[in-house]
Amino acid sequence: MVLEITKNINRRTFIQKTSTAAGSLTLALMLPEGKKKYQAQAQTSSNKTNKLFKPNAWLSIPSIGEPTFVIDKAEMGQNVYTSLATIICEEFEYDPTKLELKFAPVDPDYNHPEYGAQLTGGSTSVQSGWLPLRLAGATAREMLKKAAADTWGVSTNELSAKDGFIFNKDLSKKASYQELSTKAAQQNVPSIEKSELKTPDNFNLIGKARSRFDASMKVNGSAVFGIDSLPQAEASAVVIHCPTFGGKVKQIDLTKAKNMLGFIDAFPISDGVAIVCEKYWQVLKVKDNVNITWDYGKNRTLTDASIQEILEKSLKDKGKNIVDDGDSVQALAATNDIVTADYRMPYLAHATLEPIACSAEIKDGECHVWTPTQAPTLCHYYAVRASDLPSDKTFIHTVFLGGGFGRKSYARDTREVVEIAKKTGKSVKLIWTREEDIQHDAYRPGSLHRFVGSVGKNGKIESWTHKISGPSILANLLPDFVASALPNFLSNSIKDVVGSTGQSLLQWYGEDMTSLDGAKELPYTIANRKLDYHMVEIPIPLGFWRSVGNSFNGFVTECFVDELAEKAQKDPLEFRLSMLEKNSRYLPVLEAVGQFSNWKKPLEANRHRGIALHKSFGTYVAEVVEIYCDGSLDSLKVEKVYAVVDCGIVVDPDTVRAQIESGIIFGLTAALYGKINFVDGAVKQSNFHDYRLLRMQEIPEVAVEIIHSQEDPTGVGEPGLPPLAPALANAIFSATGKRIRSLPIFT
């Protein structure tokens, strides 16, 4: 019997099911409370014993059929579907291509050890699963070995595991994992220590490139994305949101719409107006015939100019001091060789390939939601509130994501689709139009950066001051994220109070670590350094955008380093190398990219290079961008990008290269074209005609080199992005003699 563990069931039901699961072994691993706690534990169940661990099983082994591995991270193209299965199978001694893979249900035991909720983000999927999954695999293997040892009357020291079988010493006997699963379920759970795991030189799976396990599904169309979910839905819907942030609906005129083909209903919901028809194509026609009168609210005066005024004004006030090393004021006073610069960064939308899409059904006292989400806990929280059903009667089914980049860390669409399903009494598929997606995103915040720096007689940076002005990403997100992570027995009113209190405390404290990423820690040794953060409040919804604060701090810091290199009259690469510690992991990465790109070799006429170095999510990346430019930006063509990455032990080198390449292309798109403008309190852009993406013919050649490392793995989904824009801007300065201090390059 295979124990089905991907349906969201409550703890009592899980215990009942596992205690009667005949002939199967179910193993589970408690996720660690923090980074330093990695105690693997397992649960067993069979018809002969009701010994249990907790309902957080990742691996189940049936007596017939292949083992099942439950993936607790969202698959949005970053290939965790393959990587996490590879990690657990390294110690489990099983072919990962044979596993049955399923996405995890919502359960606190799948909570991210750092975030306190079930959430995929921060390039942490492999990093957070690295040790726990290996311990889980080893625990399963040792229990199966013990079962074989008892059967054959030998010591486990005489046995080995390989390819799903246990062998005796002379290989005269073997038994499959399936044959041993029933007896293994009766064994005591061994305590596996980290020291007992394989060392990298003994890895058989980790470090080798392999085909993606989800590739065939995505090629043949069997992979279910949000837009594919619940194909039998009785209705389709879109939501029209007020153009201005914070606005509300005043009146809905359905005179034209109500007689149109397929029309079901149109009504206000918490975030706008829902338009519901039998088919999606009908909704698209009907929505243009629904006349809505809006109360635009108090934010109608919000414009690009007013936002810049807020940012400028904040720098005149005292900010929150984050770093204060040495005496930067005295160092600046002692020299006339001062460089000053202001950098302005725009708001950005995510523009994922798959727009927001999810489905819901409320039936027989249960609410089911199918959604491509990075945040199942938050989706569950919204679905419970919108459906007015108990938490154990509300189920979130995670499907494949057609791009995430942080955009699908929010659950506004879950709340909407559940409200629509409840109001109509029908199963509903909700798809946001591209216009709604662009104009009602959770945006990467705009920011203003003021630098003052100087170079000493030794040709190195003597002083560095950096002031950041911008709205807080975390302050926007805390209320709902905190509330969703609280225990279900608390009332909604208590959750709301706790969430809003967390937001108020953060605003009072004045520090947002996500907005400081990439500025708080620099690669270089600088004796006199100061960093201040000026948190402002601007009524625009914010969210995590690929590499978060690193996306803007990486740009401004590495561009300003180049400005100081120019002041020192030193080569940008040599200038950076001179300020790195000898034992720093930055050093081999930067040296390697210099060699990899032939930095010292002269280029042909009108070809130029720029360089940048950045660490994000524990991963060190250096990039060199080569461009063609005859002195005019109209001639600019990005021809090649060289990237060197140190991300610790590599689970799959092809995945690392693909993710670094992806980050580079994503970053190049934003650097050249990305900007959200605000007019009369609303977003100006509406689709890809005015929120441009990189065209295929504009994509440069990308070459990636991976540094061999024995350190634990770190993230690769985002770190390729931050160095791209500054390396490009520095190359443009080489070509034109003009500094790029605001993005995008083409406005």
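The values are calculated or read from the model by the stated rules, or taken from the named source; none is laboratory data. In this text, all values refer to a predicted model and were calculated from it rather than measured experimentally. Neighbour counts are summed over all protein chains in view; Cβ atoms, including those assigned to glycine, are modelled from backbone coordinates with ideal geometry. Each accessible area value is taken on the protein alone, full model and side chains, heavy atoms only, with ligands, DNA and RNA left out. Shrake-Rupley method; radii C 1.70, N 1.55, O 1.52, S 1.80 Å.
Points to keep in mind about this one:
- Among the residues here, residue 339 qualifies as within 26 Å of residue 739 (Cβ to Cβ), open to solvent by 10 Å² or more (accessible area, probe 1.4 Å), modelled with pLDDT of 95 or more and in contact with a Lys or Arg (Cβ under 9 Å, 6 or more places away or on another chain).
- In the stretch 637-647, the count of residues that are modelled with pLDDT of 95 or more, more than 29 Å from residue 709 (Cβ to Cβ), in contact with a helix residue (DSSP H, G or I) (Cβ under 9 Å, 6 or more places away or on another chain) and open to solvent by 20 Å² or more (accessible area, probe 1.4 Å) is one or more.
- Only a single item in (1) under 29 Å from residue 563 (Cβ atoms); (2) in a loop (DSSP other than H, G, I, E, B) is not met by residue 689, and it is number (1).
- Exactly one residue among 426, 363 is over 28 Å from residue 553 (Cα atoms) and touching an Asp or Glu at 6+ places or on another chain (Cβ under 7 Å), and that residue is 426.
Okay, residues lined up against (1) at pLDDT below 95; (2) over 17 Å from the mean Cα position of the chain (by Cα):
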site	(1), (2)
48	yes, yes
51	yes, yes
65	yes, yes
69	yes, yes
79	no, no
86	no, yes
91	no, yes
95	no, yes
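- One residue from 311, 332, 302 being of a type in the set (A, V, I, L, M, F, W, C), modelled with pLDDT under 95 and open to solvent by less than 60 Å² (accessible area, probe 1.4 Å): 332
- Failed item in (1) more than 20 Å from residue 441 (Cβ to Cβ); (2) touching a residue at least 24 places away in the same chain (Cβ under 8 Å), with residue 313 passing the rest: (2)
- Of residues in the stretch 427-485 being over 30 Å from residue 523 (Cβ atoms) and basic (Lys, Arg), the one surrounded by the fewest Cβ atoms within 10 Å (Cβ to Cβ): 434
- Pick from the stretch 381-394, criterion touching a strand residue (DSSP E or B) at 6+ places or on another chain (Cβ under 6 Å) and open to solvent by less than 20 Å² (accessible area, probe 1.4 Å), ranking: farthest from residue 417 (Cα to Cα): 394
- Checklist (1) polar (S, T, N, Q); (2) out of contact with any His (no Cβ under 6 Å at 6 or more places or on another chain); (3) open to solvent by 20 Å² or more (accessible area, probe 1.4 Å) applied to residue 734, failing item: (2)
- Of the criteria (1) farther than 21 Å from residue 727 by Cβ; (2) surrounded by 20 or more Cβ atoms within 10 Å (Cβ to Cβ); (3) among the polar types (S, T, N, Q), which one residue 669 fails: (1)
- Residue 422 over 30 Å from residue 112 (Cα atoms), surrounded by fewer than 23 Cβ atoms within 10 Å (Cβ to Cβ) and touching a Cys at 6+ places or on another chain (Cβ under 9 Å): yes
- Considering the stretch 72-96, the residues that are hydroxyl-bearing (Ser, Thr, Tyr) and within 26 Å of residue 718 (Cα to Cα) include one that is surrounded by the most Cβ atoms within 10 Å (Cβ to Cβ), namely 83.
- Checking each residue in the stretch 567-600 for being assigned to a helix (DSSP H, G or I), open to solvent by 10 Å² or more (accessible area, probe 1.4 Å), touching a helix residue (DSSP H, G or I) at 6+ places or on another chain (Cβ under 9 Å) and in contact (Cβ under 8 Å) with a residue 40 or more places away in the chain picks out 572, 586.
- Qualifying residue in the stretch 563-582 (condition: more than 31 Å from the chain's Cα centre (by Cα) and modelled with pLDDT under 95): yes
- Residue that is farther than 30 Å from residue 285 by Cα and modelled with pLDDT of 95 or more, where the choices are 497, 418, 452, 482: 452
- 1 or more residues open to solvent by less than 60 Å² (accessible area, probe 1.4 Å) and either in contact with a His (Cβ under 8 Å, 6 or more places away or on another chain) or aromatic (Phe, Trp, Tyr) (or both): qualifying strands (runs of 3 or more DSSP E) within the stretch 151-264: 165-167
- For the stretch 78-96, the count of residues that are without any contact (Cβ under 8 Å) to a residue 40 or more places away in the chain and hydrophobic (A, V, I, L, M, F, W, C) is zero.
Residues checked against (1) out of contact with any strand residue (DSSP E or B) (no Cβ under 8 Å at 6 or more places or on another chain); (2) charged (D, E, K, R); (3) closer than 17 Å to residue 671 by Cβ:
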{"position": "557", "(1), (2), (3)": "no, no, yes"}
{"position": "567", "(1), (2), (3)": "no, yes, no"}
{"position": "574", "(1), (2), (3)": "yes, yes, no"}
{"position": "592", "(1), (2), (3)": "no, no, no"}
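- One residue alone among 661, 711, 705 is charged (D, E, K, R), in contact with a Gly (Cβ under 8 Å, 6 or more places away or on another chain), outside any helix (DSSP H, G or I) and closer than 30 Å to residue 84 by Cα, and that residue is 711.
- Yes/no for residue 119 being within 18 Å of residue 191 (Cα to Cα) and either surrounded by fewer than 17 Cβ atoms within 10 Å (Cβ to Cβ) or out of contact with any Lys or Arg (no Cβ under 6 Å at 6 or more places or on another chain) (or both): no
- Matching residues, the stretch 287-320, being in contact with a Ser or Thr (Cβ under 7 Å, 6 or more places away or on another chain) and farther than 21 Å from residue 248 by Cβ: 311, 314, 315
- Selection count where residues are open to solvent by 20 Å² or more (accessible area, probe 1.4 Å) and either at pLDDT below 95 or within 24 Å of the chain's Cα centre (by Cα) (or both), scope the stretch 672-685: 2
Each row is one residue, and each column tells you yes or no for (1) over 30 Å from residue 408 (Cβ atoms); (2) assigned to a helix (DSSP H, G or I).
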residue: 86; (1), (2): no, yes
residue: 91; (1), (2): yes, yes
residue: 106; (1), (2): no, no
residue: 118; (1), (2): no, no
residue: 121; (1), (2): no, no
residue: 130; (1), (2): no, yes
residue: 135; (1), (2): no, yes
residue: 138; (1), (2): yes, yes
residue: 145; (1), (2): yes, yes
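- Annotation note: Cβ proximity below 7 Å between a residue of the stretch 533-554 that is of a type in the set (Ser, Thr, Tyr) and a residue that is buried (at least 23 other Cβ atoms within 10 Å of the Cβ) and outside any loop (DSSP other than H, G, I, E, B) (sequence gap 6+ or interchain) occurs for 533/468; 533/515; 547/616; 551/444.
- Contacts under 7 angstrom Cβ, first residue in the stretch 709-734 being under 17 Å from residue 655 (Cβ atoms), partner surrounded by fewer than 24 Cβ atoms within 10 Å (Cβ to Cβ) and among the aromatic types (Phe, Trp, Tyr), 6 or more apart: 712/130; 713/130; 714/617; 715/617; 718/617; 719/617
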